[in-house]
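Each reported figure results from applying straightforward, stated rules to the coordinates on display, with no laboratory input. Remember, it's a predicted structure, so these values are computed and weren't measured experimentally. Cβ coordinates were reconstructed from backbone atoms using ideal geometry, including for glycine residues, and neighbour counts include every protein chain displayed.
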Amino acid sequence: MERTFVMFKPDCMERGLFGRIFTRFEEKGLRLAALKLLRITPALAKQHYAEHVQKPFYPGLEQFITASPVIGAVFSGPEVVRVVREMLGATSGLKAAPGTIRGDYSSSRQMNLVHASDSPESAEREIALYFQAAEILPWDPSLACWLQAPGET
């Protein structure tokens, strides 16, 4: 079963949208494997956004991501990386389609509410930044048989 990392960013938390957005992942049938309230430090931000540290927009990104608590989550499911990114929509809320999380709740490129891993490799790297192996609890809910047909996992 594929896993992905999802971060509910400071703007999501400050606007009180965590519950509403989290519910969309639950309703989709994604399996929660880990959940944690976090405060991103500048050092952790540099690790998470390593590919952006030298870019001119990075100081503002670090200021944003460290401004308030975030919630980190690990979800699992078939093709979960792709599924979650499609649920989020385009990076910019102004370009995201209605019906997507960003299309429904965001009107900014940076303040786009939720981060999600862009590949299975990124997911594993990001999960390791925020969670120890013992904090990830894969499980099969009793409703699993109603979410995917046998062989679809």
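Tabulated results
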| quantity | calculated |
| --- | --- |
| The stretch 29-48 residues that are β-branched (Val, Ile, Thr), paired with ones that are surrounded by fewer than 20 Cβ atoms within 10 Å (Cβ to Cβ) and assigned to a strand (DSSP E or B) (beta carbon under 8 Å, 6 or more apart) | none |
| Among the candidates 68, 76, residue that is surrounded by 14 or more Cβ atoms within 10 Å (Cβ to Cβ) and more than 18 Å from residue 118 (Cβ to Cβ) | 68 |
| Given (1) out of contact with any helix residue (DSSP H, G or I) (no Cβ under 7 Å at 6 or more places or on another chain); (2) surrounded by 13 or more Cβ atoms within 10 Å (Cβ to Cβ), index of the condition residue 38 fails | (1) |
| Residue 150 being touching a residue at least 60 places away in the same chain (Cβ under 8 Å), in a loop (DSSP other than H, G, I, E, B), loosely packed, with under 13 Cβ neighbours inside 10 Å and on the phi < 0 side of the Ramachandran plot | no |
| Test: residue in the stretch 79-96 that is more than 17 Å from residue 118 (Cα to Cα) and surrounded by fewer than 21 Cβ atoms within 10 Å (Cβ to Cβ) | yes |
| Residues satisfying the stated conditions in the stretch 118-130, i.e. in contact with a Lys or Arg (Cβ under 9 Å, 6 or more places away or on another chain) and either assigned to a helix (DSSP H, G or I) or under 20 Å from residue 69 (Cβ atoms) (or both) | 120, 123, 124, 127, 130 |
